[in-house]
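Enquirer: The structure's right below; bear with me while I get my questions together.
No value in this document is a laboratory result; all are computed from the given coordinates. What you are looking at is a predicted structure, and each value in this text was computed from that prediction instead of being measured. Reconstructed Cβ throughout: ideal geometry from the backbone, glycine too, with neighbour counts over all protein chains shown.
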Amino acid sequence: MPIHERSLIESERVLRKERLVIDGIDVSGDWNLIILPRTVEDYDLDFAKEIMESPDGKTIQQCYQCSYCTASCPVHNYWDDRYNPRHFIYLARLGMVDELQKRVDVMWRCVSCHKCTHRCPKGVLVEDVLKVILRAMYKRGLIGDYPSKKFDQFFTESVLEYGRIEDGELLFGWMEKQGYKIKKDPILRKPIPFFSDIPKWLKDMVSKPIKEGNIGFLMLNAKHMLFHPRTKEWNKFKQVLRKVMEEEGALAKGG
Amino acid sequence: MAKSVLVIGGGPAGLSAARALGKLGVPTVLVEKENKLGGRPVLESYHTLIPRKMTPSQVLGPYIEDVQSNGNVRIMLGTEIEACEGEAGDFKVSLSNGEKLEVSAIVVATGFQHFDSRRKGELGYGIYPDVITNLQLEQMFSKEGRLYRPSNGELPKRVAFVFCVGSRDRQLGVTNVHCCRYGCALSGLQASEIREKYPEVDVFCYYMDVRTYGTWEYPFYWAPQEEYGVRYVRGRIAEITFNPADGRLRVKHEDTIVQRPAEIPMDLVVLVLGMEPSPGTKKVAKILGLKQDPDSRFIVPSDESGSNIRSNKEGIFIAGACKGPIDIESSMAEGEAAAMEVLNFLGAKVTV
């Protein structure tokens, strides 16, 4: 028998045994399926209060759930409809933290286009409010760093080392960090895009200058791959920069 | 043709009809069942009236004074009508005190009664002391001036308003399918009053939709949220239970925005009562032969006339909540409109 509204039930709450014997009686069958209750037992009003009382979050109280923001949101419409600012506002205002947590994988995806804020008929500063929600969740360890922050760290490491980035290293290094298998040549350990398991858009991007015979571009890239571009007298500057960053707390000590 | 006019009902509509007629020099008899003028707002000690946030004595006090001091108006308290004969221009009305009146026209302003929430057993009214009606909350404010849980006299940490109790409900039969019209706005006001006086109390309004029409939108829907931090939760409360472990109530509903069942702890639950035609309205409609809505039993205006003040019987005019849920200021305006219709009917020439 199918489960009605299956989309509302997380798989871990569905208990079902292939074969179930109780007191020697075989009770296997569809009816032995158990769905753990998903009743909301309380609101987390401290969480809600934190958002309502913060200076950039207080307009959350103005929302009347018309969904003008969500209907305008490019992330919702063209990327993943689980990203729903209107819904996040509702959940945060009641402190339904477990519901918010179900969406942590999409919650950082705001592209800051400000359509929601500009169009909101109630004057909710939607984008600010969502940032406050994220901050409150981050503070409680309910959501990790946003993905682009990890990229920023990766980028910064490269800049700190050489004063400049090298496109190929940055791009393929990042892809490798994301779990893609990058094939490398055995001697110089440089990436070989065409034998790597990478998305098609990246293969296309790499093959484009070859197809177009853009010799200058290819030569420059080859040079950079062999000799990592480096800012003049970077080593001296690097030491000063690291020291300052460590003192400011922007960099972990010895990092 | 008899000269005087009978006004049945001494509430907002009846008062304003009698006041206007008296001021214009028409001999008027005002018959009121209870022993006090003012209708529900006065009899049941409302605290603050929507939409102008004034007290019943501020709004109705001057009307009562005007009626009482006007020599053209004869007030008969504790009196009901028992029978009516004759036709427009010459009605012969028998009263409960044995007196007989000869009147040319009648204004019916017999009003409404509050829904009896014991009829919704699943909401626990009459079973759990902390489930109260919005009328009781008004009286808590007006008589005792403080908010408390009837079970222990303490300030509740959380208050829930349950909208549409006895309204928009086919389960009660065909009689209560209409909207009460005032509930959303009054709840917004009561919730704001609670938050203003007790900022530490969290207030939740459980709604299906919020009908604060016209200019009521800002003061009774936006302001409660924006200025007072009242939370609106979408879902109709289906059951109220009591948890002895913590001594708190549970409001059982589906949050239809989150699409999850919920049983949220509450300390005080306020049922927002619907409006029904009062027993007086039903009785008077029967005696006078007035057309009623077949379902709700509210009196309906004549089909032939554009005016919604004229009943199906010539010479009988209807005003206020006997025609369906209505707010107090509209009710008073209808009373005055009825007075004008009466004058028009009498063919009176008003000289300035």
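Enquirer: Project the alpha carbons of segment B:130-217 onto their principal axes and report the range along each, largest first, in whole Å.
Expert: For segment B:130-217, the Cα extents along the three principal axes come out at 39, 31, 22 Å.
Enquirer: Excluding A:TYR138 itself, what net charge comes from residues whose Cβ is under 11 Å from its Cβ, given Lys and Arg +1 and Asp and Glu -1?
Expert: Taking every Cβ under 11 Å from that of A:TYR138, the sum is +4.
Enquirer: Further question: On C-alpha positions alone, give me the angle between the axis of helix A:85-94 and the longest principal axis of chain A, in degrees, nearest 10.
Expert: It is inclined by approximately 60 degrees.
Enquirer: Would you mind putting B:94-102, A:182-190, B:243-251 in packing order, based on average other-beta-carbon counts within 10 Å, highest first?
Expert: So the order, starting with the most tightly packed, is B:243-251, B:94-102, A:182-190.
Enquirer: For peptide B:220-229, how many partner chain Cβ atoms fall within 10 Å of a residue's Cβ, on average?
Expert: If you average over the peptide's residues, the count of other-chain Cβ atoms is 3.
Enquirer: Give me the lysines in straight-line cross-link reach of A:LYS236: C-alpha distance below 19 Å, same-chain residues under 8 apart excluded.
Expert: A:LYS253
Enquirer: I would also like to ask the following. Where both residues lie in segment B:27-158, what percent of DSSP beta bridges are antiparallel, nearest 5?
Expert: 75 percent
Enquirer: Helix A:215-226 against the longest principal axis of chain A: what's the angle in degrees, Cα atoms only, rounded to the nearest 10?
Expert: It works out to around 80 degrees.
Enquirer: Additional query: Could you give the Stokes-Einstein D for the protein assembly as shown in µm² per second, using the C-alpha Kirkwood radius, 10 °C, 1.306 mPa s?
Expert: 53 µm²/s
Enquirer: Here is a further query. Considering all alpha-carbon pairs of segment B:230-352, what whole percent are spaced by more than 21 angstrom?
Expert: 58 percent
Enquirer: Right, something else. For segment A:71-161: lysine pairs with Cα atoms under 19 Å, gap of 8 or more or different chains, count?
Expert: Number of lysine pairs found: 9.
Enquirer: Right, another one. Non-local amide H neighbours of B:PHE112 (under 5 Å, H modeled in plane, Pro and chain starts lacking H): which ones?
Expert: So B:PHE112 has HN proximity to B:SER278.
Enquirer: What order do you get for A:53-60, A:238-245 when each peptide is scored by the mean count of other beta carbon atoms within 10 Å, highest first?
Expert: So the order, starting with the most tightly packed, is A:53-60, A:238-245.
Enquirer: A follow-up question, please. Once you sort the root eigenvalues of the Cα gyration tensor of segment B:117-273 as a ≥ b ≥ c, which label holds: rounded (a/c under 1.5), prolate (a/b larger than b/c) or oblate (the other case)?
Expert: In terms of gyration-tensor shape, rounded.
Enquirer: Name all residues of segment A:99-119 having a backbone nitrogen under 17 Å from the label point set 7 Å from the Cα of A:SER11 along its Cα→Cβ direction, giving them as ranges.
Expert: A:102-103, A:105
Enquirer: Given R₀ = 60 Å, FRET efficiency for B:TYR128-A:VAL21 by Cβ-Cβ distance, to 0.05?
Expert: That gives a FRET efficiency of 0.85.
Enquirer: Give me the inter-chain shielding for A:62-70: mean count of other chain Cβ atoms within 10 Å, whole number please.
Expert: 2
Enquirer: Shape verdict for segment A:155-223, please, from the Cα gyration tensor: rounded (a/c under 1.5), prolate (a/b greater than b/c) or oblate.
Expert: Taking the square roots of the gyration eigenvalues as a ≥ b ≥ c, segment A:155-223 is oblate.
Enquirer: Which aspartates and glutamates does B:LYS100 reach when only Cα atoms under 17 Å apart count, and residues fewer than 8 places away in its own chain are ignored?
Expert: The reachable aspartates and glutamates, counting only those whose Cα sits under 17 Å from B:LYS100, are B:GLU32, B:GLU80, B:GLU82, B:GLU85, B:GLU87, B:ASP90.
Enquirer: Distance in nm between label sites at B:LEU77 and A:TYR138, each 7 Å beyond Cα in the beta-carbon direction?
Expert: 6.9 nm
Enquirer: Gap in Å between the Cα centre of segment A:1-77 and the Cα centre of segment B:72-86?
Expert: The two parts, judged by their Cα centres, are 61 Å apart.
Enquirer: Rounded to a whole number of µm²/s, how large is the Stokes-Einstein D of segment B:63-184 at 37 °C and 0.692 mPa s, given Rh as the Kirkwood radius over C-alpha pairs?
Expert: It diffuses with D of about 174 µm²/s by this estimate.
Enquirer: How crowded by other chains is A:42-51, given as the mean number of beta carbons from other chains within 10 Å of each beta carbon?
Expert: Average neighbour count from other chains, rounded to a whole number: 2.
Enquirer: Within straight cross-link reach of B:LYS120, meaning Cα distance under 17 Å, which lysines are found once same-chain residues fewer than 8 apart are removed?
Expert: B:LYS252
Enquirer: Taking every DSSP beta bridge that has both residues in the protein assembly as shown, what percent is antiparallel when rounded to the nearest 5?
Expert: 50 percent
Enquirer: Pick from B:ARG234, B:ARG211, B:ARG260: which residue has the top mean-square fluctuation in a GNM of chain B where Cα pairs under 10 Å get a spring?
Expert: B:ARG260
Enquirer: While we're on this one: For chain A, modelled as a GNM with alpha-carbon contacts under 10 angstrom, which of A:VAL14, A:VAL104, A:VAL159 fluctuates the most?
Expert: The residue that fluctuates most here is A:VAL14.
Enquirer: Which FRET efficiency value, to the nearest 0.05, is calculated for A:ILE187 and A:LYS243 with the Förster distance at 30 angstrom and r the Cβ-Cβ distance?
Expert: 0.25
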